[in-house]
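Step one of this worksheet: look at the structure below.
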Amino acid sequence: MHVLSSVFDWIADVFGLAQQWLYEAAVQPLLFSMGWGAYLEDAFDATGWLLVGLIQLVVIVALIGPLQRWWPGEAAPADPARRAERRHAIFIDFLYTLLHRLGLFRVGLFLAIDPLWDALFGGLALAGYGAWHLDQWIAPWWPGLTDTALAGFIAYLVVFDLANYLLHRAQHQFEWWWALHSLHHSQRHMTMWSDSRNHLLDDLLIDSAFVLLARLIGVAPGQFVALVALSQLIENLAHANTRLHFGWLGERLLVGPRFHRLHHAIGVGHESKGQGSLGGHNFAVLLPVWDLLFRSAHFGAEWPATGIRDQLPEAGGRDYGRGFWRQQWLGLQRLFSRRQAG
């Protein structure tokens, strides 16, 4: 454990040096040239997100990409028209990934939402209500083990993953939320880029929930970036178009492509009580233990088609949109049409 903690600290130090270099070499001069010196402190944090996003893109292309080429789960169709349609669908997912990993969506969050959180928690601090620090709470449990930065990171990761499971299950449970989240499930050609294919309002709700959780349990900004980055990379792997699986035991320890594809399968991933119902299986993001504990796990060796039942021609052929803005607009239409019907 001591060796792992040392490696963890070394990685943190190297990342910090890289962030400082990128900030001083590129971001800071750019801000000064644009007259935005008031945002220097916030820009340093944004530089961390940008650096993490660039690292993630390299890992996705260099490590996950070859798995899709060497052992694909879904082969490209022979028909040229269908092949072009598939390429377009995957390209739109790639745009979603760039939007999130290069920090553009997070800049929007900073401008629109972060000031509200700062005001809320600033008021609570003035009233004498400070954050509870999970890592400090577990530190005395086992001196030399639970008082390390790595132990704190693991504890935060487990808490975040449980929250991810509960929020994900809620996305499938409430009709108004499913109206937004269904965009993510409407991809018929799932790949390593599909993780970020979400409605922006859905992302706003989820990201706000995790910012709030991080503030409540005392996650440091650097740890928060690392938690999100690690979770996202594993989600990219889970969405990958590859028949890679971790075996009977491994699939119960870490979410992989086969386990998560079943979550996206028509009828399995978004229905629990027959056609047209809500719910589903395999909601876990990192640790399948939550699906096992809450009895929502579904294991199988099959490699089913992905999508939503109402996309099928025999079920109405619902349109979820081909392009980014069309997908966003149709998501709002689904949301408000359900509210009016209710």
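Across region 279-318, the qualifying residues are those that are among the charged types (D, E, K, R) and in contact with a helix residue (DSSP H, G or I) (Cβ under 7 Å, 6 or more places away or on another chain), and the one among them that is least open to solvent (accessible area, probe 1.4 Å) is Arg309. Among (1) open to solvent by 30 Å² or more (accessible area, probe 1.4 Å); (2) not in a helix (DSSP H, G or I), which single condition is Pro77 missing? Checking Pro77 against (1) open to solvent by 30 Å² or more (accessible area, probe 1.4 Å); (2) not in a helix (DSSP H, G or I), the one that fails is (1).
At pLDDT below 90, over 30 Å from Ala305 (Cβ atoms), open to solvent by 80 Å² or more (accessible area, probe 1.4 Å) and part of a helix (DSSP H, G or I) - does that describe any residue in region 90-112? Scanning region 90-112 turns up at least one residue that is at pLDDT below 90, over 30 Å from Ala305 (Cβ atoms), open to solvent by 80 Å² or more (accessible area, probe 1.4 Å) and part of a helix (DSSP H, G or I). I'd like to check something: does region 39-58 contain any residue that is surrounded by 13 or more Cβ atoms within 10 Å (Cβ to Cβ), closer than 20 Å to Pro257 by Cβ and modelled with pLDDT of 90 or more? The answer is yes, given that some residue of region 39-58 is surrounded by 13 or more Cβ atoms within 10 Å (Cβ to Cβ), closer than 20 Å to Pro257 by Cβ and modelled with pLDDT of 90 or more. Take the residues in region 288-337 that are in a helix (DSSP H, G or I) and among the acidic types (Asp, Glu), then tell me which one is nearest to the chain's Cα centre (by Cα). Applying the filter and picking the extreme gives Asp291. For region 253-267, the set of residues classified as small (Gly, Ala, Ser), open to solvent by less than 10 Å² (accessible area, probe 1.4 Å) and either assigned to a loop (DSSP other than H, G, I, E, B) or at positive phi (or both) consists of Gly256 only.
Taking Leu31 as the residue in question, decide whether it is within 28 Å of Arg261 (Cβ to Cβ), surrounded by 16 or more Cβ atoms within 10 Å (Cβ to Cβ) and at pLDDT below 90. Taking the combined requirement at face value, the residue does not satisfy it. Could you please let me know if Leu278 is in contact (Cβ under 8 Å) with a residue 60 or more places away in the chain, assigned to a loop (DSSP other than H, G, I, E, B) and either out of contact with any His (no Cβ under 8 Å at 6 or more places or on another chain) or of a type in the set (A, V, I, L, M, F, W, C) (or both)? Yes: the conditions hold for Leu278. Within region 28-74, being of a type in the set (Phe, Trp, Tyr), under 30 Å from Ala301 (Cα atoms) and not in a loop (DSSP other than H, G, I, E, B) holds for one residue alone: Trp70.
The residue that is nearest to Thr47 (Cα to Cα), among those in region 207-227 that are open to solvent by less than 30 Å² (accessible area, probe 1.4 Å) and free of Cβ contacts under 8 Å to residues at least 60 places away in the same chain, is Phe224. Filtering region 148-203 to residues that are crowded, with 21+ Cβ neighbours inside 10 Å, among the aliphatic types (A, V, I, L, M) and either assigned to a helix (DSSP H, G or I) or under 14 Å from the mean Cα position of the chain (by Cα) (or both) leaves Ala151, Ala179, Leu180, Leu183, Met192.
Being modelled with pLDDT of 85 or more, over 25 Å from the mean Cα position of the chain (by Cα) and of a type in the set (A, V, I, L, M, F, W, C), is that true of even one residue in region 118-137? Scanning region 118-137, I find at least one residue that is modelled with pLDDT of 85 or more, over 25 Å from the mean Cα position of the chain (by Cα) and of a type in the set (A, V, I, L, M, F, W, C), so the answer is yes.
Taken residue by residue, region 12-19 has no member that is open to solvent by 70 Å² or more (accessible area, probe 1.4 Å), within 24 Å of Leu145 (Cα to Cα), in contact with a helix residue (DSSP H, G or I) (Cβ under 9 Å, 6 or more places away or on another chain) and touching a residue at least 24 places away in the same chain (Cβ under 8 Å). Among the residues of region 228-252, the ones that are out of contact with any helix residue (DSSP H, G or I) (no Cβ under 8 Å at 6 or more places or on another chain) and either among the aliphatic types (A, V, I, L, M) or buried (at least 20 other Cβ atoms within 10 Å of the Cβ) (or both) come to 2 in all.
The values are calculated or read from the model by the stated rules, or taken from the named source; none is laboratory data. All of these numbers come straight from a predicted model, not from anything done at the bench. Note that we place each Cβ from the backbone using ideal geometry, even for glycine, and neighbour counts take in every protein chain shown. To get the accessible areas, we keep the full protein, side chains included, count just its heavy atoms, and leave off ligands, DNA and RNA. Shrake-Rupley method; radii C 1.70, N 1.55, O 1.52, S 1.80 Å.
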